[in-house]
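The values are calculated or read from the model by the stated rules, or taken from the named source; none is laboratory data. On a predicted model such as this, the values are computed, not experimentally measured, just so you know. Neighbour counts run over all protein chains shown; Cβ positions are idealised from the backbone, glycine included. Side chains included, ligands, DNA and RNA excluded: accessible areas come from the protein's heavy atoms. Shrake-Rupley method; radii C 1.70, N 1.55, O 1.52, S 1.80 Å.
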2 protein chains.
Amino acid sequence: MATIKDVAREAEVSTATVSAVINDSAYVSPALRARVLSVIDALGYAPSQVARNFKRGRSQLIALVVADLANPFYSRLVWAAEADVSAWGYSLVVFNSDEKPDTEKQILSRVRMLGCDGVLLVPVGDEEHYPVRDTRRWPPTVLYGRSLNRDNMDTVTLDNREAARLATNYLLDLGHRRIGSIAAPTHLNTGRDRLAGMIDAMSARGVTARPEHIRSGDFREQMAYSVARELLKESDRPSALYVANGLMALGVMRALSDLGLRCPEDISIVSTDTVSGPGGLRPQLTRTEHPLEEMTYEALRLLVDRIQHGNSRPPRNVVFTPSLVLGDSCAPATE
Amino acid sequence: MATIKDVAREAEVSTATVSAVINDSAYVSPALRARVLSVIDALGYAPSQVARNFKRGRSQLIALVVADLANPFYSRLVWAAEADVSAWGYSLVVFNSDEKPDTEKQILSRVRMLGCDGVLLVPVGDEEHYPVRDTRRWPPTVLYGRSLNRDNMDTVTLDNREAARLATNYLLDLGHRRIGSIAAPTHLNTGRDRLAGMIDAMSARGVTARPEHIRSGDFREQMAYSVARELLKESDRPSALYVANGLMALGVMRALSDLGLRCPEDISIVSTDTVSGPGGLRPQLTRTEHPLEEMTYEALRLLVDRIQHGNSRPPRNVVFTPSLVLGDSCAPATE
DNA sequence: AATACTCAGCGAAACGATTAGCTGGAATAT
DNA sequence: ATATTCCAGCTAATCGTTTCGCTGAGTATT
């Protein structure tokens, strides 16, 4: 690989001049510039980004750390983030913490070593898991989807309580009273808020959830499947379920079909944060959706801003509002 | 950020010693080593990967360039690749060429500038699109899924002809004779081979495909939807379709449901390279599958080997064999 | 004509790590 | 006692680029 020195020697100028030409950072006479350019062309020279980054103290890399790459929701996040990140002139390094705090820890130290300029993080640990980091030691970070009880970080999240309320109210409107839930882990604010929203909505109508109708999942298909199987083979099973995310809703569907139950005839299902069940397949989930692309764009806007302007601006917490999307996974209660 | 010099000064040793400690590259007496380690800890020092990479002439980065991040097939590839890559000690930089040769070109030049150590590439252009690259200028590259007519590159692909043959034979066995296809673009070997395999299988049984029953898609849901709509509203529509990939099969499903047609009662569908339709949703696609994880692992094995041993070993072309997975998207022909 | 400015381009330091080659002292061999 | 070997650690060069500060020639100002 040709270096800037090769170009300088060949064009009989200094490396400073070559640098000025490729960066347009100082005036170079047309004649010299042309000579330099032609040598660059002849040698097939391309400046080493590695050396540049080293010198400039940045990497043009943004890390995206998601909780579960096998979850279509995060796949879509990767898709959206890649587009935005490259539009900002960065490249996207993708990591999968697989919902494991320890893995996440390793990833974060790797991210730091790589010198990523910023991190978009879906945190998987609970509040205590994160040491307070001094900013001089960690690259700018924006939390996505889940938040930690910190007031000094940028976050982009969903109004989870409202999402659960929307979903639950819809079930209540259909006449359901025995409403259960496959909930998310409660060490995450996402799990707590979605559950709280559901309870909220029910008690606002004087309905009380039965504790045994509320089971905890881990956001994944497999566990939701087994938990739902357990829950639904009981004789006093709920007539409707609020499932805390889309992937788990698929697990529930599978459990239903294994148990010979039909959706929506036997059980109504609503979920949040859906894998928009690809058109044509039945049943289509009724779900709350949030504007993933806008959320991602906003998160990266905050991140890039932070990268470029440091800590001058106070942290922001942007909350997006979900909306209910009707499918055909719910029916009126029949009791 | 603390540097190696800060550590050296604080521990009253030379930077060489610090380097020896963190890399275990030379003997350091227990006393000194302990002193250095404690200073490292106190300062929260982590070696700058950027400087390291610069010095060592590598980046510990592997680029993954896929054709369409919105396609669940490639999402799964990202998932599998991330796991393997990080197990090898690299990090994964993800790019989306979005099936656009021009975008791919920009991406590749970016990859080169970033100094990625290797590239796993799903090529989107036709053969002519790729200049012959001299290896000294390009990082090691493994082609994935699609091949180019080159004998000097590592490739990991599927036996596409066989996949199409499997799928088509299944339809023929069910008695279908009016078999159509939503095919893939023919500038890709994937498209050509899958179509050829289908024609093969049919003519082996003395059946001829009607040209108007064969339409070209672009691997995406949307286009498959419109093309299928067109095709299926004709009065002499086919009784079965071979769809060249999973995402397009979903588009076809949507078209069916829009047209009031049922699958499999009215139209049977088989596809290749499926988005394994999440359990519980109906109908489950009948499809040929290929071992994505093994393929990905193999591709990265080749790549890492190439990175570590250069061009000493001749290029390898690994071809995987698909298998037929039965769902319930096919029914016997009724004519 | 002397002084001050401008300008194009150059020289060399710096970024943070690795590493070849060196050094001075202790241990061992003769 | 002298020579040899070995050891632990250090010095300094190096990777490819950017950039600060300088220079010497040309131009403008008085």
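State whether the residues of the stretch B:225-242 include one that is more than 23 Å from B:Arg161 (Cβ to Cβ), crowded, with 19+ Cβ neighbours inside 10 Å and under 21 Å from the mean Cα position of the chain (by Cα). Among the residues of the stretch B:225-242, not one is more than 23 Å from B:Arg161 (Cβ to Cβ), crowded, with 19+ Cβ neighbours inside 10 Å and under 21 Å from the mean Cα position of the chain (by Cα), which makes the answer no.
Contact map, the stretch A:20-40: residues that are within 14 Å of A:Asp6 (Cα to Cα) and assigned by TED's automatic domain parsing to the domain that holds A:Ala8 paired with residues that are within 6 Å of DNA strand C (Cβ to nearest atom) and open to solvent by less than 60 Å² (accessible area, probe 1.4 Å), Cβ distance under 8 Å, separation 6+ or inter-chain. Pairs shown: A:Arg35/A:Val13; A:Val36/A:Val13; A:Val36/A:Thr17; A:Val36/A:Val28. Would you confirm whether any residue within the stretch B:119-130 is within 21 Å of A:Gly89 (Cα to Cα) and assigned to a helix (DSSP H, G or I)? Scanning the stretch B:119-130 turns up no residue that is within 21 Å of A:Gly89 (Cα to Cα) and assigned to a helix (DSSP H, G or I). Among residues of the stretch A:26-56 being open to solvent by 30 Å² or more (accessible area, probe 1.4 Å), in contact with a helix residue (DSSP H, G or I) (Cβ under 7 Å, 6 or more places away or on another chain) and away from chain B (no Cβ under 14 Å), the one that is farthest from DNA strand C (Cβ to nearest atom) is A:Leu37. Within the stretch B:120-134, being farther than 18 Å from A:Asp41 by Cα, modelled with pLDDT under 95 and of a type in the set (Val, Ile, Thr) holds for one residue alone: B:Val124. Among the residues of the stretch A:14-70, how many are more than 43 Å from the chain's Cα centre (by Cα), within 15 Å of DNA strand D (Cβ to nearest atom) and among the hydroxyl-bearing types (Ser, Thr, Tyr)? Number of matching residues: 5.
The residues on offer are B:Glu265, B:Glu212, and the sole one that is open to solvent by 60 Å² or more (accessible area, probe 1.4 Å), of a type in the set (D, E, K, R) and under 25 Å from B:Val325 (Cβ atoms) is B:Glu265. Criterion applied to A:Pro314, A:Pro283 was being open to solvent by 30 Å² or more (accessible area, probe 1.4 Å) and out of contact with any helix residue (DSSP H, G or I) (no Cβ under 7 Å at 6 or more places or on another chain), and the one residue passing it is A:Pro314. Put simply, of A:Gly206, A:Gly175, A:Gly217 the only residue that is over 16 Å from A:Asn317 (Cα atoms) and open to solvent by less than 20 Å² (accessible area, probe 1.4 Å) is A:Gly217.
For the stretch B:81-104, residues that are assigned to a helix (DSSP H, G or I) and either open to solvent by less than 10 Å² (accessible area, probe 1.4 Å) or more than 29 Å from B:Thr186 (Cα to Cα) (or both) total 8. Looking only at the stretch B:10-25, count how many residues are open to solvent by 60 Å² or more (accessible area, probe 1.4 Å) and more than 11 Å from DNA strand C (Cβ to nearest atom). Residues meeting the conditions: 2. Among the residues of the stretch A:301-310, is any assigned to a loop (DSSP other than H, G, I, E, B) and farther than 30 Å from B:Pro264 by Cβ? The answer is yes; a qualifying residue exists. In this structure, A:Leu166 does satisfy being surrounded by fewer than 24 Cβ atoms within 10 Å (Cβ to Cβ) and either free of Cβ contacts under 8 Å to residues at least 12 places away in the same chain or not aromatic (Phe, Trp, Tyr) (or both). The residue list A:Asp154, A:Asp102 contains one member that is without any contact (Cβ under 8 Å) to a residue 12 or more places away in the chain and more than 12 Å from every other protein chain (Cβ to nearest Cβ), which is A:Asp102. The sole residue among A:Arg177, A:Arg146 that is over 15 Å from the mean Cα position of the chain (by Cα) and either of a type in the set (D, E, K, R) or over 12 Å from A:Thr272 (Cβ atoms) (or both) is A:Arg177. The strands (runs of 3 or more DSSP E) found wholly in the stretch A:159-244 and carrying at least 1 residues that are within 14 Å of another protein chain (Cβ to nearest Cβ) occupy A:179-183, A:240-243.
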